Amino acid sequence: MSGVDSQNSALSGLSIDNVQVEKEETDQDMFLKLMLAQLENQDPLKPQDGTEFLSQMAQFSTVEGIGNLNKGIDELNGLYRSNQALQATALVGRDVLVSGNVGYLDAANTLSGVVHPDGVAATDVLVTIKDASGQIVRQVNIGSVSSDDEPFEWDGTDQNGQRLPVGAYTMDITGRVAGEVEAMRTSMYANVNSVSIVNNNGDMLLNLNGLGQISSNSIQQVR
């Protein structure tokens, strides 16, 4: 019966705690071979208890299920990243609204944005436009704004109606609230040149025309 004892010893040493998901198929094959060998060599008068076999098989099934689940999650992540990439390509050439007061004036378009009164109406709302050197090139009074967000637009000309050079311009916006002049929160529209997928989570960086990169999480609106 030494053959039976050696098979029993080998089987009893097989533990699910030592199984790695990546080698589960090899371990399952070994387990089945050991189980069949033990059944073939068991003492007919003392048949083996099948409880241990069933327990080991159930554990292998659990590990296999985890492996399949992980594979399914990887596939879902792949689909998510592909979907993010498709959404990213749809943004190229579009304008996005992002927080800040700097916009890029190109040769053909205007600059536009949104004033955020943050729930408080304001009067004497003044847009002061500065070039990259900080020089004031134009001031536009847009009057009063309600407590709701208010869009604004600049045609790219100076006080004399002359078209200004291509480049980045700053919009400093102030308004009178309860008798006091206050700076007002601003967002600007910018054109998306390209989009970069920066990691396996599908996070995106938008490359804005003349303004550099921002996170896709910073987008307030797309037009």
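Throughout, read-outs are computed from the coordinates displayed, never taken from laboratory work. Predicted model only: the values in this text are computed from it and were never measured. Because the Cβ atoms are built from the backbone with ideal geometry, glycine has one as well, and the counts that use them run over all protein chains shown.
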Subset of region 113-125, residues surrounded by fewer than 17 Cβ atoms within 10 Å (Cβ to Cβ) and either assigned to a strand (DSSP E or B) or aliphatic (A, V, I, L, M) (or both), comes to 120, 121, 123, 124
Restricting to region 185-223, name every residue that is without any contact (Cβ under 8 Å) to a residue 40 or more places away in the chain and part of a helix (DSSP H, G or I). 217
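This table checks each residue for (1) in contact (Cβ under 8 Å) with a residue 40 or more places away in the chain; (2) part of a strand (DSSP E or B); (3) at negative phi.
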residue: 89; (1), (2), (3): yes, no, yes
residue: 103; (1), (2), (3): yes, yes, yes
residue: 129; (1), (2), (3): yes, yes, yes
residue: 143; (1), (2), (3): no, yes, no
residue: 147; (1), (2), (3): no, no, yes
residue: 152; (1), (2), (3): yes, yes, yes
residue: 159; (1), (2), (3): no, no, yes
residue: 172; (1), (2), (3): yes, yes, yes
Those residues of region 126-152 which are touching a Leu at 6+ places or on another chain (Cβ under 7 Å) and surrounded by fewer than 17 Cβ atoms within 10 Å (Cβ to Cβ) amount to 139, 141
When the residues of region 86-101 are filtered to those that are surrounded by fewer than 19 Cβ atoms within 10 Å (Cβ to Cβ) and of a type in the set (Val, Ile, Thr), which remaining residue is farthest from the chain's Cα centre (by Cα)? 92
